[in-house]
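The values are calculated or read from the model by the stated rules, or taken from the named source; none is laboratory data. Because the structure is a prediction, the values reported are computed rather than measured. Cβ coordinates were reconstructed from backbone atoms using ideal geometry, including for glycine residues, and neighbour counts include every protein chain displayed. These area figures cover heavy atoms from the full protein model, side chains too; ligands, DNA and RNA do not enter into them. Shrake-Rupley method; radii C 1.70, N 1.55, O 1.52, S 1.80 Å.
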Amino acid sequence: MNEDINGQDTSKVPPLPHVTTNILPLSSIIHFHTQEAYKQFTTAIDNLAADQSNDVKRKKQFLELIISLRHDFVKLYTLVKWCSNSADVSKLIDLLNWLRQLEFSYDQLLYTMNTEFGNSQFNYGTKLPNSDLITSLQVLYKQRPQLASYGYLRTDNDVVSSEKILEVLKELNLVLTIRFALMNDVELPPRFNNNYEIKDGKCFITIPNEYQLVITTISQTSPFYLIDFKFLFGINQETLSISHNSYTKLPPKSYKKLEKIVNTVFNTSTSTSLTEVYELLHKYSMSFKLYLIAKQIKELMVNSKWRNNIDLNYSIGRNSLILNYWSSHYLSKNYKSFIELGIDRNYNLNYRWFKNGQYQQTDMTEIFIQSQPEDNEEVIIDDDDDEGNDDHPHDLNVDVMLNVIVNKHAELLMSSVFERLAGLLSPEEISQVNSHQLLVKLSHNKSTIFAINPLTGYFYFIDPITIQQAITKKINTAPSTSSKFISEDDLINNIIDQIIQLRLLVYTKEINNKLLTSQWINNDIITLSETELSKLGNSGKCQFYRVKKWPSSWFLINSINGINNSVAWYVARIKSIKGEWKIQWKNKISHDSELNYGFFSGLATICSNMIIDHMIIEELQTKHIKYFKVDADKERKVLAKFGIKEKPSVEGTIYQSLIMIYNDELLPINNSSTSLFLQIQLLSDHKMNLTLFGNLRNLSIIQEDYSQLNLTIIEENFEFKDTVNLSTATMTERNLLSKLFNNLNQFNKLIKILDQLNNNHIQIVSNTINDITINIDGNNLTILLPEESTMCIQLTTTTENSQLRLILEYLNRYLHTTNTSSVIGIIKYLQTINPILNAITTINKLVNKQTFRLSNGLSRLNFDVTLNTLNSIQFIFHISSSTNSKKIIKDKITVNISFKNNKFDKQKRNLVKISLRDNLIDKNLKFKKLFELIFKSINDLEQTKKNDTSVALFKLNYDFLISGNILEELLERIGNSFISYLQLEKS
């Protein structure tokens, strides 16, 4: 039963394709609706429970939800019922889908046949037969429709003879010749006029270096038809250049498209058809040549030296391409420098050069001609109107063209760099090796070749050292500018700055190596501010050095100008003040232009001399001593004026200078001269001899050995000598002259004090360089001279008198406060107070000898002295007595002694005031007899000295003014009065 009505077996019929697209299982639909109904019920119950509106409204909302869900389930029930016959329904769906696909296939077949046959030039007007029953019957019985042939179908009887073919070709040649001969300039393009050839019934039009066009016609009035076309250039696979000695045929598909377009132009335009075709094919030829150039560039980007150095911006159909060279260099990166090849308004292939942010207006044809290689490769794209080279066409080589452009760009850049450097450096320091290389002199002994790589645009040094590699990296790194665009001027400025920096670094390193070899120590901690650098007057790089034995704040400054490699040397004292380095003193070192071994070997000596001179001069300024530095060639003449012979140099002296010092209270003028001299000698063993010398006269000094002061006195000249070890670590900056001037100060005070003593006729027992011993009324007093100028003289004695020692302590305090070297006033004071001291000794002896005692054995009379000030002395007498209750009563009687000056006294004598006024109290009335004895003794003394004019004694109630020559006797009388009073009491 598997046979159809025609008796064919239906078991071989393929099954219908089953459709599963957009078909869901019924279980999935039921599951989805069940879940959705449950979700809506749950949400509604939650919302109604939270709703506080009236009950009717909530019931109505719940009813609406139930009705909506009921509608959905009714639809679902219907769907379930319909699916009970799902097998039959599925077959109907599969059949419907198969019939629609079959209909689509027939429609697509008809469309394809119409495209293939209906658009052919030999089938104009043809069409597929109508799809009617008659045509279907013809196809059924005769396997094809019966169509009219219109005479195009060849039969076996139609044979064209050779004569007929030749005749037709000759007629076509004649027709073509006549038609081309009758055309004017508008109808026949100028480039077609002399470049066509008619033969074999065809017209061969050859445009040199572009294309060859073959056309024909069938009559005098019929249009032209395209027979053949080919390009007269192509890719040379060996050189990958565009060769004009070969041709390129179009692929069949491309040719059919071109044939259709050209024939359309011939059919639509009659008079200007050839001109339009020329313009069309000329543009087509240029576009194809541009395409081949782009293809050639892409090959270069993959398999040549230009890989990663060029970028191409081109898409098929565009009229131009942009070739970005130096694509990795920041100057040209992202199409900042490129060559633009394109079709101009005349549809000729042309180029433009873009660099430095603008198109170049210079005619680059001359550049290409000058750079044309010897093998006559075409390195430029000339206009195709140039017919002079038609007989000898050249290859169009993009590689060569790129070489010319990048070499020219590199040459322009290097030329600009050379011009800028030539304006800064001398001709001996900069020269051109070739268009891409410069010879730069970095220092006196080093040169380098600075070059540019035309392939990449990067600059480099030939055989670079480490510093040059770092500078190369900076040169090839984009400089920081205010604008985003980096111009060639910015590049050149950066190169100039870096080359100057390189010269500076190399020259600095050379000098640094020479200094380190000479045992200089580099200090890279110091950084000077712009203000401090301006003090040096040099904008170059500064480096700081020092010698190991130098004081910590002294440095040698080396300042180098990178432009002309000029070097300035300074000796300076630099200190850190509040975290900032400050130049406190500087002095420039004069030197010859050549920095040879002799200069560096003696540099430490020169610097040390300048430092020593400055330290000594600064110490003189600190001591407020006026000075004048004597020139070396005038030393002998200056010394001769003061009658001093020139001092010979000590063996090993490497530097010597002489400073004349103004004698302002350094030594008494009457004992010396107005000027002294300080000689400085720097020795090779890091020691310095200092000699202070001058005239010496009118000395009243006991001659002895002054080696302790390093003092030598020869005839009328003196010399103080001192040796300073400059290598000691403890040497400070302001103590070089301390010992020398301390000795001078000690010597000065010795002379002054001796002069004072001699002028005042004070007996000098002995003198040394450290002390002077004098005699004052039988007491030896020693004047100690200070060892340093900041110290003062001191007084001492070997006497065991406690009062004298106390007085000397007060006097030493006074000397320390005033820092005076005048001792005459002090000596006169001691002479004045000596009678008081003698009286104290005498009274002490009297009191100690008295035998008046109390019942308990204690002495009735005690004596004490109180020294309030140097001008106030108190004699205190204590009288003890006992009562019946055995209580001891102590009474005090005071005698105040002070010094007064009577301005009315013609002799200007210093008087002594003795006062008893403090005893006028009630409790002392019982000592009336004592006071009577005191006053009686004073009256007796007055009567005794009545005729002595040198004695002065004035009574002022309870005060007495007396002269010093009777002071001791008067005080002794007062002491005896106390003894007499006790005797009267006992009797």
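In the stretch 148-198, which residues are open to solvent by 100 Å² or more (accessible area, probe 1.4 Å), modelled with pLDDT under 70 and on the phi < 0 side of the Ramachandran plot?
TYR152, LEU153, ARG154, ASP156, ASN157
Of the residues that make up the stretch 492-507, is at least one touching a strand residue (DSSP E or B) at 6+ places or on another chain (Cβ under 7 Å), open to solvent by 70 Å² or more (accessible area, probe 1.4 Å) and in contact (Cβ under 8 Å) with a residue 40 or more places away in the chain?
Taking the stretch 492-507 and keeping what is touching a strand residue (DSSP E or B) at 6+ places or on another chain (Cβ under 7 Å), we get 495, 499, 504, 507.
Filter again for open to solvent by 70 Å² or more (accessible area, probe 1.4 Å), leaving none.
Looking through the stretch 492-507, none of the residues is touching a strand residue (DSSP E or B) at 6+ places or on another chain (Cβ under 7 Å), open to solvent by 70 Å² or more (accessible area, probe 1.4 Å) and in contact (Cβ under 8 Å) with a residue 40 or more places away in the chain.
Does THR275 satisfy the criteria of being of a type in the set (Ser, Thr, Tyr), more than 30 Å from VAL400 (Cβ to Cβ) and in the same structural domain as GLU187 (by the TED database)?
Details: of a type in the set (Ser, Thr, Tyr): yes; more than 30 Å from VAL400 (Cβ to Cβ): yes; in the same structural domain as GLU187 (by the TED database): yes.
When the stated conditions are applied, THR275 passes them.
In the stretch 229-247, which residues are in contact (Cβ under 8 Å) with a residue 24 or more places away in the chain, open to solvent by 40 Å² or more (accessible area, probe 1.4 Å) and within 20 Å of THR206 (Cα to Cα)?
Pass one, the stretch 229-247, residues in contact (Cβ under 8 Å) with a residue 24 or more places away in the chain: 229, 231-236, 239-245, 247.
So of that shortlist, the ones also open to solvent by 40 Å² or more (accessible area, probe 1.4 Å) come out as 235-236, 239-240, 245, 247.
Once the filter is applied, which keeps residues that are in contact (Cβ under 8 Å) with a residue 24 or more places away in the chain, open to solvent by 40 Å² or more (accessible area, probe 1.4 Å) and within 20 Å of THR206 (Cα to Cα), the stretch 229-247 yields ILE235, ASN245, TYR247.
For a quick check of your reading: which strands (runs of 3 or more DSSP E) sit entirely within the stretch 543-635 and have at least 3 residues that are open to solvent by 60 Å² or more (accessible area, probe 1.4 Å) and more than 24 Å from ASN445 (Cβ to Cβ)? Can you show your working first?
On the way: elements: 554-561, 566-577, 580-589, 627-630.
Here the list reads 566-577, 580-589, 627-630.
Would you point out which residue out of ILE962, ILE974, ILE934, ILE938 is within 20 Å of PHE877 (Cβ to Cβ), open to solvent by less than 10 Å² (accessible area, probe 1.4 Å), assigned by the TED database to the domain that holds ILE833 and outside any helix (DSSP H, G or I)? Explain how you work it out, then say what you get.
Values: ILE974 fails: outside any helix (DSSP H, G or I); ILE934 fails: outside any helix (DSSP H, G or I); ILE938 fails: outside any helix (DSSP H, G or I).
Exactly one residue qualifies, and that residue is ILE962.
Only one residue in PHE32, PHE41, PHE73, PHE62 is assigned to a helix (DSSP H, G or I), touching a His at 6+ places or on another chain (Cβ under 8 Å) and either in contact (Cβ under 8 Å) with a residue 12 or more places away in the chain or surrounded by 10 or more Cβ atoms within 10 Å (Cβ to Cβ) (or both), so which one is that? Quick ask: steps written out before the conclusion?
On the way: PHE32 fails: touching a His at 6+ places or on another chain (Cβ under 8 Å); PHE41 fails: touching a His at 6+ places or on another chain (Cβ under 8 Å); PHE62 fails: touching a His at 6+ places or on another chain (Cβ under 8 Å).
The unique qualifying residue is PHE73.
Condition test on ASP489, is it out of contact with any helix residue (DSSP H, G or I) (no Cβ under 9 Å at 6 or more places or on another chain) and closer than 21 Å to ALA410 by Cβ? Outline the logic, then answer.
Values: out of contact with any helix residue (DSSP H, G or I) (no Cβ under 9 Å at 6 or more places or on another chain): no; closer than 21 Å to ALA410 by Cβ: yes.
Here the answer is no, as ASP489 does not meet what is asked.
Please go through the stretch 689-718 and pick out each residue that is touching a helix residue (DSSP H, G or I) at 6+ places or on another chain (Cβ under 6 Å), outside any loop (DSSP other than H, G, I, E, B) and either loosely packed, with under 14 Cβ neighbours inside 10 Å or modelled with pLDDT under 75 (or both).
LEU709
Has the stretch 894-915 got at least one residue that is farther than 30 Å from LEU795 by Cβ and open to solvent by 30 Å² or more (accessible area, probe 1.4 Å)? Write out each step before concluding.
Of the residues in the stretch 894-915, the ones farther than 30 Å from LEU795 by Cβ are 904, 906.
Now restrict to residues that are open to solvent by 30 Å² or more (accessible area, probe 1.4 Å): 904, 906.
Looking through the stretch 894-915, at least one residue is farther than 30 Å from LEU795 by Cβ and open to solvent by 30 Å² or more (accessible area, probe 1.4 Å).
Of all residues in the stretch 199-226, which are in contact (Cβ under 8 Å) with a residue 40 or more places away in the chain and open to solvent by 10 Å² or more (accessible area, probe 1.4 Å)?
Hits for the stretch 199-226 are PRO208, ASN209, THR216, ILE218, SER219, GLN220, PRO223, TYR225.
Rundown of residues vs (1) charged (D, E, K, R); (2) open to solvent by 10 Å² or more (accessible area, probe 1.4 Å); (3) part of a loop (DSSP other than H, G, I, E, B), yes/no style:
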{"residue": "LEU736", "(1), (2), (3)": "no, no, yes"}
{"residue": "LYS739", "(1), (2), (3)": "yes, yes, no"}
{"residue": "LEU744", "(1), (2), (3)": "no, no, no"}
{"residue": "ILE751", "(1), (2), (3)": "no, no, no"}
{"residue": "ASN775", "(1), (2), (3)": "no, yes, no"}
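Among the residues of the stretch 508-525, write down those that are farther than 25 Å from THR448 by Cα and open to solvent by less than 20 Å² (accessible area, probe 1.4 Å).
Within the stretch 508-525, TRP520 is the sole residue that qualifies.
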